[in-house]
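Worksheet: the structure to be examined is printed underneath.
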Amino acid sequence: MLKKSSLVLWGAALFIAWNGLLLLFLWSRPPSSSSSSSSSSSSSSERLTADVIRLAQDAETELEKQKALLHQIHRYRQFWGGNRRHRQSRPVTLQHPTALLPVVPQPPPSSPPNVPIIPVLVLACDRSTVRRCLDRLLRYRPSAQRFPVIVSQDCGHRETAGVIASYGDAVSHIRQPDLSEIPVPSEHRKFQGYYKIARHYRWALSQIFRLRRYRAAIVVEDDLEIAPDFFEYFQAAFPLLLNDRTLWCVSAWNDNGKEQMIDPNQAHLLYRTDFFPGLGWLLLAELWDELEPKWPKAFWDDWMRQPEQRRDRSCVRPEISRTVTFGRKGVSHGQFFDQYLKFIKLNDRFVPFTQLDLSYLQKEQYERFFLSQVYNAPEIKVEELQNNRRKELGTVRLQYSGRDSFKAFAKALGLMDDLKSGVPRAGYRGIVSFVYRGRRVYLAPPAGWTGYDPSWS
């Protein structure tokens with residue numbers, strides 16, 4: 001943000017300085033050395049008038065140039081943030097590996113888009129390492145006005161509160177007022193933390209949508225680190241969420257986004273998924289209107305994955321995650337962290353998503369091309385895949401027939417094998433897309449798929 005402001009100030013200073021020099025030149029111009037004769041005086045006066053007119057014309061031309069320069073600075077200021085390495089990286093390859101649709105670059109708008117204010121809600125508790133999360137958010141956000149950072153703290157942890165306060169006006173610090181213990185069933189005593197998290201989420205989201213009345217919000221937790229194009233991604237996906245009612249969230253997370261299971265050359269690739277990923281996600285105020293009255297007492301994320309809440313809606317998720325978690329310690333006691341989460345690849349290339357055509361993610365278009373790509377891929381056996389046979393086939397499909405075969409294939413290939421209400425992580429219509437030994441693989445049900453079976457959980 002500081003870099004952007006300094007560039008705009010530089011342009012304004014250049015504009016003022018140039019015109020100041022022109023005025024100084026005119027005012028300080030020495031008088032003509034003409035004789036006292038009327039003809040000489042008249043000739044000198046005419047020459048001076050001509051000079052003034054010429055200088056005025058030159059000044060007008062230069063003013064137009066400076067005006068165009070300032071307009072250009074204003075027009076592209078949103079692309080000047082971030083670090084120099086990303087601005088000087090190679091152009092993004094815009095060929096879609098799964099042939100959903102060709103990705104068409106869009107020209108920059110003639111003026112900055114009229115985008116709404118979307119706050120980033122950071123849920124914090126007792127991790128003083130929230131600084132790592134906040135530093136990245138403040139470093140990469142393109143505008144403090146469009147993306148205010150609001151930190152909601154539970155737990156009343158003094159050290160963490162001090163870290164948040166050290167950012168001054170750069171962030172807004174709100175505190176969950178109810179820190180009391182929550183009565184829980186005896187069999188859930190060890191899960192008290194999950195009850196407090198659900199209570200905190202409900203209070204914090206109500207502050208965002210009820211008290212402050214924002215149109216949408218990006219939710220992150222205090223143990224997440226973001227990618228350079230985190231804000232660009234959500235800004236581009238926001239219109240999809242507004243216009244496609246078969247979507248209910250946009251997530252920065254790929255559950256199977258380990259480095260060896262993604263295509264590093266396809267940082268622009270996005271998917272639809274029936275699995276609620278969380279871990280950096282965008283929702284609209286209308287969704288909170290729907291969820292708040294029935295918000296659960298605990299385990300809010302698994303509750304979101306139930307069919308009663310999902311209602312056959314999907315989320316958008318990336319090929320390469322735009323968040324990673326560094327919070328091994330927490331109420332989950334590091335569940336999945338050592339086996340999966342610490343290996344998730346964080347995207348390190350800036351993708352100008354707002355210049356790309358993302359219409360291929362609309363439900364009808366997506367299913368037409370994605371399902372065709374999946375079921376036209378040749379089917380192979382898991383042993384052939386593991387032994388890297390039939391490499392000439394390129395993209396391939398591995399077909400599972402039920403819960404047990406899915407879990408067996410997922411374990412054998414290094415995918416997350418748990419199912420929530422029958423939905424596989426990162427799956428769409430039961431299909432999980434990933435990379436195995438350098439080639440695209442679809443782990444898919446038979447073509448006649450009719451829906452998820454919650455008993456698979």
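The values are calculated or read from the model by the stated rules, or taken from the named source; none is laboratory data. Note that the structure is predicted; figures quoted are calculated from it, not measured. Cβ sites come from the backbone with ideal geometry, for glycine too, and all protein chains shown count toward neighbours. These area figures cover heavy atoms from the full protein model, side chains too; ligands, DNA and RNA do not enter into them. Shrake-Rupley method; radii C 1.70, N 1.55, O 1.52, S 1.80 Å.
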Inset, instruction - Work out from phi, with θ = phi - 60° and the Karplus expression 6.51 cos²θ - 1.76 cosθ + 1.60, the ³J(HN,Hα) of each residue of the stretch 288-299, listed in order in whole Hz, and give x for Gly and Pro. - result: 5, 4, 6, 8, 4, x, 10, 4, x, 7, 7, 6
Inset, instruction - Provide the solvent-accessible area of residue 135, counting protein heavy atoms only and rolling a 1.4 Å probe, rounded to the nearest 10 Å². - result: 70 Å²
Inset, instruction - Report the equivalent ellipsoid semi-axes for the stretch 374-444 in whole Å, largest first, defined as the square roots of five times the eigenvalues of the gyration tensor built from alpha carbon atoms. - result: 20, 12, 10
Legend entry - Built amide H within the under 5 Å cut-off of residue 419, gap 5+: none
Legend entry - Among 256, 276, 227 - extreme Cα towards positive end, dipole of the stretch 220-316, charges at beta-carbon: 276
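How high is the relative contact order of the stretch 374-444, given as a whole-number percent (alpha carbon pairs under 8 Å, six or more residues apart)? Walk me through the numbers before you get to the answer.
Values: 82 pairs, mean separation 22.4, N = 71.
Result for the stretch 374-444 is 32 percent.
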Legend entry - Karplus 3J(HN,Hα) series, Hz, for the stretch 122-136 with 6.51 cos²θ - 1.76 cosθ + 1.60 (x for Gly, Pro): 9, 8, 10, 9, 10, 9, 5, 6, 4, 4, 4, 5, 5, 4, 5
Legend entry - Solvent-accessible area of residue 436 with every protein chain in place, 1.4 Å probe, in Å² to the nearest 10: 30 Å²
Legend entry - Label-reachable residues, the stretch 297-329, where backbone N falls under 19 Å from a point 7 Å from residue 456's Cα toward its Cβ: 302-317
Legend entry - Under 5 Å, built H, 5+ apart or other chain: amide partners of residue 250: 282, 316
Inset, instruction - Scan around residue 175 for amide H atoms under 5 Å from its own, H built in the peptide plane at 1.01 Å from N, and keep only partners 5 or more places away or cross-chain. - result: 153
Inset, instruction - Identify, among 409, 432, 382, the residue whose Cα sits farthest towards the positive end of the charge dipole of the stretch 374-444, taking +1 on the Cβ of Lys and Arg and -1 on the Cβ of Asp and Glu, with the dipole about the Cα centre. - result: 432
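I'd like the antiparallel share, as a percent to the nearest 5, of DSSP beta bridges with both residues in the stretch 374-444.
Working: 8 of 13 bridges.
Restricted to the stretch 374-444, the bridges split so that about 60 percent are antiparallel.
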Legend entry - Dipole magnitude of the stretch 120-348, debye to nearest 20 (Cβ charges: Lys/Arg +1, Asp/Glu -1, about Cα centre): 400 debye
Inset, instruction - Compute, for residue 300, the solvent-accessible surface of its heavy atoms (probe 1.4 Å) with the complete set of protein chains present, and express it in square angstrom to the nearest 10. - result: 20 Å²
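Quick one: putting +1 on the C-beta of Lys and Arg, -1 on the C-beta of Asp and Glu, what dipole do you get for the stretch 374-444 around its Cα centre, in Debye to the nearest 20? Spell out each step's value before the answer.
Values: 14 positive and 7 negative charges, 30 e Å.
Roughly 140 debye, rounded to the nearest 20.
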Inset, instruction - Leaving ligands, DNA and RNA out of it, report the carbon-plus-sulfur percent of the accessible area of the stretch 120-348 at a 1.4 Å probe. - result: 49 percent
Legend entry - Separation between Cα centres of the stretch 221-240 and the stretch 368-416, rounded to whole Å: 30 Å
Legend entry - Under the Karplus curve 6.51 cos²θ - 1.76 cosθ + 1.60, θ = phi - 60°, whole-Hz ³J(HN,Hα) for the stretch 398-405, x wherever Gly or Pro sits: 10, 9, 10, 10, x, 4, 5, 5
Inset, instruction - Rank these by accessible area, largest first, 1.4 Å probe: 312, 453. - result: 312, 453
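Based on the mean of other beta carbon atoms within 10 Å per residue, what is the order of 285-295, 219-229, most packed first? Intermediate results must be reported in sequence, preceding the final value.
Values: 285-295: 14.0, 219-229: 23.9.
Result, highest mean first: 219-229, 285-295.
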